[in-house]
Amino acid sequence: MGAANQMPTRRLGTSGLQVGAIGMGCMPLSIQGRPEESEAIRTIHTALEQGVTLFDTADSYCLDDRDIGHNEKLLAKALDGVSHAIIATKGGTVRPEGRWVRNGHPEHLKAACEESLKALDRQEIMLYQLHAPDPDVPYAESVGALARLQEQGKIVHIGLSNVSVRQLEEALSIVTVVSVQNRMHLFDRSSMDVLRRCEELGIAFLPYSPLAGMGQAGKLGDHERIRQIADRHQVSPQRVALAWLLQLSPVMLPIPGASRGSTITDSAAAASLTLTADEMAELNAMNA
Ligand SMILES: NC(=O)c1ccc[n+]([C@@H]2O[C@H](COP(=O)([O-])OP(=O)(O)OC[C@H]3O[C@@H](n4cnc5c(N)ncnc54)[C@H](OP(=O)(O)O)[C@@H]3O)[C@@H](O)[C@H]2O)c1
């Protein structure tokens, strides 16, 4: 690994931690179509060299239930001894036969957290996110399980994912929430109300699928407005999409997914791209 590039940093919500303004979503390294382990590790090292310090994972980033923890083990191996890297994992989703199924039962979350600690080879998890509310379990019960894990010292900070404002408020009545991870990109602004509440409370907002998701990320340049702005700055359309998110809010911490070093290198540079007020207005209007 070479020396790390400087990247502008942002606060990880109320945790007091500072992280690179662009994080990395590690899901593509472990699901269907994943790269060889040696290439995956090279991609993670390239991210570090570009100044990425926040790595988003989950126990369920794997092929199926027999492969749970694949992504966490990969990160543990690639980031062994890298003390400034922050791994944010999740529990609350299982993968029977490769499907994505929610499980927010307290017993499951307790067992899943223990397994994540083993997979990550750590005594404590810096940021543990509840993957998604389980419609079969009262949300307060799932959040309560995380509160107990935090009391036991297994979790340092708690994050939520896939939540509404109401679910965020409910969780806040039980625990301190450091981050919220919901889907947000140029074509999906359905969580704008959650983002605004996070801003009011100083909670970090980690937009997932910030490039419109694995199947769409490569096609952002098909949109004329995005392409024109990208051409003006002589950067990729993907970099424009990430810069738009960063400029939308000071609590924003995008976690673009990557399986290749070249893509995370390009995405990382979005932390230093400044769009003009007119360009922001143009992009805001795209989905208005
Ligand atoms: N909480 C949840 O429920 C949830 C759900 C979905 C995702 N997530 C998290 O969010 C992360 C990101 O979401 P995502 O992976 O679904 O979608 P995404 O970040 O919108 O897109 C990922 C894809 O974008 C490509 N890419 C990245 N940077 C690029 C660039 N600069 N130029 C061109 N292509 C680029 C990558 O290609 P290569 O693979 O070729 O590098 C990858 O296939 C995931 O990895 C995961 O950590 C969370």
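Values as computed for the structure displayed
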{"item": "Residue list for region 189-224, restricted to those being outside any strand (DSSP E or B) and touching a Leu at 6+ places or on another chain (Cβ under 7 Å)", "result": "Val194, Arg197, Leu206, Pro207, Pro210, Leu211, Ala212, Ala217, Leu220"}
{"item": "Residue in region 196-209 that is touching a Cys at 6+ places or on another chain (Cβ under 9 Å) and more than 21 Å from Thr46 (Cα to Cα) present", "result": "yes"}
{"item": "Test result for Leu48, assigned to a helix (DSSP H, G or I) and more than 27 Å from Ala147 (Cβ to Cβ)", "result": "yes"}
{"item": "Test: residue in region 108-128 that is more than 11 Å from the ligand (Cβ to nearest atom), over 27 Å from Gly16 (Cα atoms), in contact (Cβ under 8 Å) with a residue 12 or more places away in the chain and surrounded by fewer than 16 Cβ atoms within 10 Å (Cβ to Cβ)", "result": "no"}
{"item": "Pairs with Cβ under 6 Å, 6+ apart, first in region 253-271 and more than 8 Å from the ligand (Cβ to nearest atom), second of a type in the set (Lys, Arg) and outside any helix (DSSP H, G or I)", "result": "Leu253/Arg10"}
{"item": "Residues of region 77-104 that turn out to be open to solvent by less than 20 Å² (accessible area, probe 1.4 Å) and in contact with a strand residue (DSSP E or B) (Cβ under 8 Å, 6 or more places away or on another chain), as a count", "result": "12"}
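Results for (1) open to solvent by 60 Å² or more (accessible area, probe 1.4 Å); (2) in contact (Cβ under 8 Å) with a residue 12 or more places away in the chain; (3) touching a strand residue (DSSP E or B) at 6+ places or on another chain (Cβ under 7 Å); (4) within 16 Å of the ligand (Cβ to nearest atom), shown as yes or no for each residue.
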position: Leu146; (1), (2), (3), (4): no, yes, yes, yes
position: Gly153; (1), (2), (3), (4): no, yes, no, no
position: Val163; (1), (2), (3), (4): no, yes, yes, yes
position: Val180; (1), (2), (3), (4): no, yes, yes, yes
position: Arg196; (1), (2), (3), (4): yes, no, no, no
position: Gly202; (1), (2), (3), (4): no, yes, no, no
position: Leu206; (1), (2), (3), (4): no, yes, yes, yes
position: Pro210; (1), (2), (3), (4): no, yes, yes, yes
position: Gly215; (1), (2), (3), (4): no, no, no, yes
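Residues are listed down the side, and each one gets a yes or a no for (1) assigned to a loop (DSSP other than H, G, I, E, B); (2) farther than 15 Å from Ser209 by Cβ:
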| site | (1), (2) |
| --- | --- |
| Pro254 | yes, no |
| Ser259 | yes, no |
| Thr263 | no, no |
| Asp266 | no, yes |
| Ala269 | no, yes |
| Thr274 | yes, yes |
| Met280 | no, yes |
| Leu283 | no, yes |
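The values are calculated or read from the model by the stated rules, or taken from the named source; none is laboratory data. Not measured: the values here are computed from a predicted model. Because the Cβ atoms are built from the backbone with ideal geometry, glycine has one as well, and the counts that use them run over all protein chains shown. Areas reflect the complete protein model, heavy atoms only, side chains present, ligands, DNA and RNA absent. Shrake-Rupley method; radii C 1.70, N 1.55, O 1.52, S 1.80 Å.
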